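Step one of this worksheet: look at the structure below.
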Amino acid sequence: MAWHNGRLKAAVALVAALLVPVTAVSAAEAEPQAQNVAAAALPPGSPAAVNGQLKVCGVRLCNQSGKQIQLRGMSTHGIQWYSQCIKTASLDALANDWKADVLRIAMYVQEGGYETNPRKFTDMVHGYIEEATKRGLYALVDFHQLSPGDPNYNLSRAKTFFKEIAARHKDKTNIIYDMANEPNGVSWPKVKSYAEALIPTIRAEDSDSLVLVGTHGWSTFGLSDGKDPQEVIKNPIKATNLMYTFHFYANSHKQEYINTLSKVADQVPVFVTEFGTQTASGDGGNDFATSQKYIDLMKAKKISWTNWNFSDDKRSGAVFKGGTCAGNSFTGTGPLKPAGVWVRDRIRTADDF
């Protein structure tokens with residue numbers, strides 16, 4: 001049924017796009033008025049148009065034709081801090097110059113994010129989804145829970161948020177729901193309980209889009225919390241079309257983490273929704289050699305990824321040089337820090353869709 005539903009959703013989206021003109025609203029301007037933005041259409045030949053409705057096949061990610069694929073792209077920084085970096089010029093560069101497949105929309109729940117103004121941040125996400133869609137990118141909606149580490153603290157907020165997001169965008173074939181960013185200091189059974197409590201809320205609106213959930217230990221399958229990654233494998237979440245997320249920062253997470261990712265990716269479906277070439281702080285020196293080991297592994301095993309982060313934050317993990325986001329020059333390598341040059345080059349070598 002997933003394949004048929006995907007075709008139906010694509011048809012509905014196309015009809016909607018033909019009937020309603022697309023409104024030229026930049027993502028940076030997508031504030032509370034975002035609910036009035038007309039539904040965007042996927043450009044022919046774009047990654048999301050070619051691949052359509054995503055589905056899990058075995059332990060891999062497949063497109064609407066059942067072909068195993070790897071998506072590559074970028075994560076925003078927290079949209080409460082760096083929305084100025086997500087605008088028409090930067091998103092055009094991401095889609096056309098970087099040739100990305102996916103935009104991860106990092107909506108923090110705490111730290112000045114969603115809980116301070118649910119209406120504002122939900123509408124911002126609506127706007128970013130439409131902007132990604134207009135460019136043929138997958139829109140990965142990240143419920144960026146971080147502190148407290150137990151996602152159950154935000155369960156009611158997550159249900160409210162995802163119910164509206166799924167209800168509005170259920171007919172899109174390029175939507176991905178990430179239910180919890182980095183659970184930490186919490187047991188795997190509690191994370192599983194959260195996911196199994198939230199998934200029915202999403203599925204009541206959207207029956208077949210891809211859902212993701214962070215694993216314990218800051219999305220390391222428990223490794224960074226000193227737990228056995230096999231806890232997840234032995235006690236999987238009861239859901240369909242679901243993948244587990246893994247995060248790494250190459251200058252902190254060396255061979256043990258590479259080995260863990262390699263092993264678990266052969267046991268359950270995995271999506272690397274966040275990684276950096278620096279230390280776990282998102283700052284410090286770049287370890288491109290270890291990063292390349294991860295890139296090679298993810299390519300070999302068709303593990304999709306998004307890099308942290310698409311902003312001009314002062315840290316080395318932000319791809320743009322300071323001050324870049326105040327202007328409109330985002331193409332080429334000129335505006336980029338070393339990590340940005342490195343990751344752009346690897347995004348541009350697209351998978352064979």
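Can you tell me which of (1) farther than 26 Å from TRP81 by Cα; (2) of a type outside the set (Lys, Arg); (3) surrounded by fewer than 21 Cβ atoms within 10 Å (Cβ to Cβ) is the one GLY282 doesn't meet?
Result: GLY282 fails condition (1) only.
Select, from ALA139, ALA89, the only residue that is touching a Phe, Trp or Tyr at 6+ places or on another chain (Cβ under 8 Å), under 22 Å from LYS170 (Cβ atoms) and outside any loop (DSSP other than H, G, I, E, B).
It is ALA139.
List the number of the failed condition for ARG344; all other conditions in (1) outside any helix (DSSP H, G or I); (2) out of contact with any Cys (no Cβ under 9 Å at 6 or more places or on another chain); (3) of a type outside the set (A, V, I, L, M) hold.
It is condition (1) that ARG344 fails.
Residue by residue, here is whether (1) assigned to a helix (DSSP H, G or I); (2) in contact with a helix residue (DSSP H, G or I) (Cβ under 6 Å, 6 or more places away or on another chain); (3) surrounded by fewer than 24 Cβ atoms within 10 Å (Cβ to Cβ) holds:
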residue: GLY45; (1), (2), (3): no, no, yes
residue: ALA49; (1), (2), (3): yes, no, yes
residue: GLN53; (1), (2), (3): no, yes, no
residue: VAL56; (1), (2), (3): no, no, yes
residue: GLN70; (1), (2), (3): no, no, yes
residue: GLY73; (1), (2), (3): no, no, no
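Taking the stretch 61-115 on its own, how many of its residues are farther than 20 Å from ALA339 by Cβ and of a type in the set (D, E, K, R)?
Residues meeting the conditions: 5.
When the residues of the stretch 166-181 are narrowed to those that are closer than 13 Å to ILE199 by Cα and in contact (Cβ under 8 Å) with a residue 40 or more places away in the chain, which ends up surrounded by the most Cβ atoms within 10 Å (Cβ to Cβ)?
ASP178
Count, please, the residues in the stretch 143-169 that happen to be assigned to a loop (DSSP other than H, G, I, E, B) and among the charged types (D, E, K, R).
The qualifying residues number 1.
Pick from GLN84, GLN110: which is surrounded by fewer than 24 Cβ atoms within 10 Å (Cβ to Cβ), in contact with a Ser or Thr (Cβ under 7 Å, 6 or more places away or on another chain) and at negative phi?
Just one listed residue meets the conditions, GLN110.
So ASP312 passes all but one of these: (1) closer than 19 Å to LYS99 by Cβ; (2) touching a strand residue (DSSP E or B) at 6+ places or on another chain (Cβ under 7 Å); (3) of a type outside the set (Val, Ile, Thr). Which condition number does it fail?
(1)
Inspect all residues belonging to the stretch 300-316 and state whether any of them is at pLDDT 95 or above, assigned to a helix (DSSP H, G or I) and out of contact with any Asp or Glu (no Cβ under 8 Å at 6 or more places or on another chain).
yes
Which one of the conditions (1) under 30 Å from THR279 (Cβ atoms); (2) touching a helix residue (DSSP H, G or I) at 6+ places or on another chain (Cβ under 6 Å); (3) surrounded by fewer than 23 Cβ atoms within 10 Å (Cβ to Cβ) does GLY226 fail to meet, given that it meets all the rest?
(2)
Report yes if ASP206 is among the acidic types (Asp, Glu) and either farther than 28 Å from PHE310 by Cβ or modelled with pLDDT under 95 (or both), otherwise no.
So ASP206 does not fit the description; no.
With the condition kept exactly as written, say whether any residue in the stretch 250-271 is more than 24 Å from ALA300 (Cα to Cα) and either charged (D, E, K, R) or at pLDDT 95 or above (or both).
No, the conditions are met nowhere in the stretch 250-271.
The values are calculated or read from the model by the stated rules, or taken from the named source; none is laboratory data. Small disclaimer: the values here were computed from a predicted structure and weren't measured. Reconstructed Cβ throughout: ideal geometry from the backbone, glycine too, with neighbour counts over all protein chains shown.
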